[in-house]
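See below for the structure under consideration.
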Amino acid sequence: MKQHTQVVVIGGGVVGASVLYHLTKAGWTDVMLLERRELTAGSTWHAAGGMHTLNGDPNVARLQQYTIQLYEEIQRESGQDCSIHLPGGLMLADTEVRMDFLRMAQARGRYLGMELELITPQEAADLFPLMDPQYFVGALYDPVEGHVDPTGVTRAYVKCAQLAGAEVHQRTPVVGLDQRSDGTWDVRLENGESVHTEHVVNAGGLWAREVGRMVGLELPVLAMEHHYLITEDMPEVAAQVAKTGREMPMALDFAGEIYIRQEGGAMLMGTYEQACVPWSPRETPWDFGSQLLKPQLDRITPELSVAFKHYPPMHTTGIRRVVNGPFTFSPDGNPLVGPVRGLRGYWVACGVMAGLSQGGGVGLALATWMTAGDDGDSGMDIWAMDVARYGDYANLAYTNSKVQENYRRRFRITFPNEELPAARPLLTTPIYDRLTDANAVWGATFGLEHALWFQKAGLEPKEDVTFGRSNAWECVAEEVAAVRERVGMTEISNYAKYRVTGPGAEAWLSSLLTQRMPKRGRITLTAMLNEGGRIVGEFTVARASEADEFYLFGSLPAEVHHSRWFRHHLPDDGSVRFEVLGLGLTGLSIAGPRSRDVLSAIASDVDLSTEAFPFMTFRQVDLGMTPAHLARLNYAGDLGYELWVAPEHQRALFDRIMEAGQPHGLRLFGMRALMSLRLEKSYGTWFREYRPIYTPAEGGITRYLKLDHDFIGRAAHEAEIAAGGPKRRLVAFVVSAFLTGVAGALLAHQIGTVRGSGTVVVGA
């Protein structure tokens, strides 16, 4: 074994093997994989091997497509049989609501170039004759779904990597990780030896938490017990194969919360049962390996009873084998990928519950990120997988609660605007009870509760989510009208807040951001680009009265993501200090034509006239007894102000504004109304309109770019413009139609016309 290597990958499951393979494909061949037992030990070896292309996030879906397409290549290159089966897949809907979901899935899939087809229950039964079509209203057929041999795939990755020069060591447990002063790592082994490396990849699977704890990191990942069973050979299967000459497609049954596929002459059926059980919720035993857990069929009886009704031949068929094995989930079910904030050279690739669907894409994304030479940016839009989407709030208890919720909802529909209840409330601000008393309907972002909208007095503060208009519609419309016509107030503590100080602050920020820094007491809006000229952030930057003090406001869910980027680019000379303020700074916003009148009533010593306090002003003031940073701007797009105060002052300030606002018809409004208001002004937001797949020219924010200074991404932007500009551009459009919901809009997208009366007007 070598004593020095460029990368050590810890974990020999399908994900670790994929990372190793993709590193060698990217040109890094001085790499090593360490596996504590044998390849696939843990969860890979007992996986059902299913492959799916669809995902709620289009960028993850693209990586799943890549994964499936990759198997033929590694099979050919390695000579290792991967047992690739692509019979297609069915998603079965038993209600019209679930059918609407399939229509949405088809529209998304066609956008990604997938050949998805909506079919009738009888057409589905012709493909999958075990089902009884009377229990279904329709289905979605995907010709590119199937299953592979997990062990074969893992060995194929490894063989390809070894052919390129990678080392693989089995039965080599890692017992510790020590970082040197230069940022490199000593990987300590059970036998007393160590390997010195520049990069460590935690692909520990069931032991990812433990490998994280070696460096003081608590990763939000949890293993769940999972059952599937394999039947005896079935004559119905043999008859269908003889009739069609091909394997039956896979089937996903929403009502039964089961998946079912052919396994030789038998059928394999698994379920994400409601009576789910975490496995080893605190520590994963090191002596666990290629073992299974004791089956507990009573837990999955409700799901099996539905399955036996929907697929009658299954009811009379014997069971050959029952598998109950653990595999890992993150709180939202997507992988955890990327560099860890504050740990140079430490990367994660774990929480990949769908390893055979996503493993190839995870390996590609991480290897691309690592070999790009910049752990601040992957060069890809993989936010849905980025480990930075979770903050310190995601501890063991939080993860346990959210993972179980996600597991139970694996085959459940998540409606537009639906907020899930597990692990809430977690983080709250000082006015949480005030807003609750006002009948707030709550959402959560990055662990923080924020008011979405306010229900009418006497009614339950709950949203009845559907694919159409929910019960929020009327209330949100009234909140919007109040802001447009009078004045409204909303909490804005759910922004990310940063403070940058020091003699080098201005020059450093200017090198990262597309605008020059504002003068004292002023505000600017700016973007942040990667080297490829794509948008990796957008911020409001305010300069305090002190020359070297700047406040940045951005997206709260991206707090770790963006702070990782900022810290990665900090100068080594100590001339810049970067702070994440978090809930150490809380905010309120008042907006509307009467907002100046309301504010004047509590800030009698502050001249708020346009001449004295113009648009984009930022000033430290006293609002009566409350010291505050006062900014004249707001996301609603009308006359308005943002007020930033220490948390101990927020409650008193809120009460004073509410009192002062009563003569002016002040109304509380939530984030739903704010999102509607900003869209009416064509204000974009991070992760929605602005993502790393778009350039500023494509996103329509070239006004945020000033080419009078050098900044990251400037050269790429200028090259795009010199080449004729963008081939696509974000536009705002107005739909004036008698459509009442999301489903109708998606149907219009799908078929290119509007169903129903109305007109569509599209403009820049």
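The values are calculated or read from the model by the stated rules, or taken from the named source; none is laboratory data. Computed from a predicted structure; not experimentally measured. Counting neighbours? That spans all protein chains shown, and the Cβs are built from the backbone with ideal geometry, glycine included.
Among the numbered criteria (1) at pLDDT 95 or above; (2) under 26 Å from Thr428 (Cα atoms), which single criterion is violated by Gly665?
(2)
Identify all residues within segment 24-39 that are charged (D, E, K, R) and either assigned to a helix (DSSP H, G or I) or within 30 Å of the chain's Cα centre (by Cα) (or both); write none if there are none.
The answer is Lys25, Glu35.
If I ask for residues that are free of Cβ contacts under 8 Å to residues at least 12 places away in the same chain and of a type in the set (D, E, K, R), which ones from segment 657-706 would you list?
Glu659, Arg688, Arg703
Of the numbered conditions (1) farther than 30 Å from Ser595 by Cα; (2) at pLDDT below 95; (3) in contact with a helix residue (DSSP H, G or I) (Cβ under 6 Å, 6 or more places away or on another chain); (4) not charged (D, E, K, R), Tyr690 fails exactly one; give the number of that condition.
Tyr690 satisfies all of (1) farther than 30 Å from Ser595 by Cα; (2) at pLDDT below 95; (3) in contact with a helix residue (DSSP H, G or I) (Cβ under 6 Å, 6 or more places away or on another chain); (4) not charged (D, E, K, R) except (1).
Filter segment 615-636 for residues that are over 38 Å from the mean Cα position of the chain (by Cα) and not in a strand (DSSP E or B) and give the result.
Gly624, Met625, listed by residue number.
What do you reckon, is Thr429 under 25 Å from Ala496 (Cβ atoms) and without any contact (Cβ under 8 Å) to a residue 60 or more places away in the chain?
No, not satisfied.
Quick one: which of Ala161, Ala156, Ala139 is under 11 Å from Tyr21 (Cα atoms) and touching a Leu at 6+ places or on another chain (Cβ under 7 Å)?
Matching residue, one of Ala161, Ala156, Ala139: Ala161.
Name the residues in segment 152-161 that are more than 30 Å from the chain's Cα centre (by Cα) and either over 14 Å from Leu39 (Cα atoms) or aliphatic (A, V, I, L, M) (or both), would you?
If the condition is that a residue be more than 30 Å from the chain's Cα centre (by Cα) and either over 14 Å from Leu39 (Cα atoms) or aliphatic (A, V, I, L, M) (or both), then Cys160 is the only one that fits.
Would a scan of segment 225-233 turn up a residue that is in contact with a Cys (Cβ under 8 Å, 6 or more places away or on another chain), closer than 30 Å to Gly345 by Cα and in contact (Cβ under 8 Å) with a residue 12 or more places away in the chain?
No, segment 225-233 contains no residue that is in contact with a Cys (Cβ under 8 Å, 6 or more places away or on another chain), closer than 30 Å to Gly345 by Cα and in contact (Cβ under 8 Å) with a residue 12 or more places away in the chain.
Go through segment 249-301 and report how many residues are outside any strand (DSSP E or B), under 30 Å from Arg213 (Cβ atoms), aromatic (Phe, Trp, Tyr) and within 25 Å of the chain's Cα centre (by Cα).
1
Within segment 680-715, which residues are assigned to a helix (DSSP H, G or I) and surrounded by fewer than 16 Cβ atoms within 10 Å (Cβ to Cβ)?
If the condition is that a residue be assigned to a helix (DSSP H, G or I) and surrounded by fewer than 16 Cβ atoms within 10 Å (Cβ to Cβ), then Glu680, Arg703, Ala715 are the ones that fit.
How many of the residues in segment 244-257 are modelled with pLDDT of 95 or more and crowded, with 20+ Cβ neighbours inside 10 Å?
Within segment 244-257, residues that are modelled with pLDDT of 95 or more and crowded, with 20+ Cβ neighbours inside 10 Å number 6.
Whether any residue in segment 445-453 is buried (at least 20 other Cβ atoms within 10 Å of the Cβ), among the β-branched types (Val, Ile, Thr) and at pLDDT 95 or above is what I want to check.
No - not one qualifying residue is present in segment 445-453.
Hey, any hits in segment 346-366 for a residue that's surrounded by fewer than 20 Cβ atoms within 10 Å (Cβ to Cβ) and either under 26 Å from Gln69 (Cβ atoms) or in contact with a Ser or Thr (Cβ under 8 Å, 6 or more places away or on another chain) (or both)?
Scanning segment 346-366 turns up no residue that is surrounded by fewer than 20 Cβ atoms within 10 Å (Cβ to Cβ) and either under 26 Å from Gln69 (Cβ atoms) or in contact with a Ser or Thr (Cβ under 8 Å, 6 or more places away or on another chain) (or both).
Suppose we filter segment 475-517 for residues that are free of Cβ contacts under 8 Å to residues at least 60 places away in the same chain and farther than 27 Å from Gly458 by Cα; how many remain?
Result for segment 475-517: 4.
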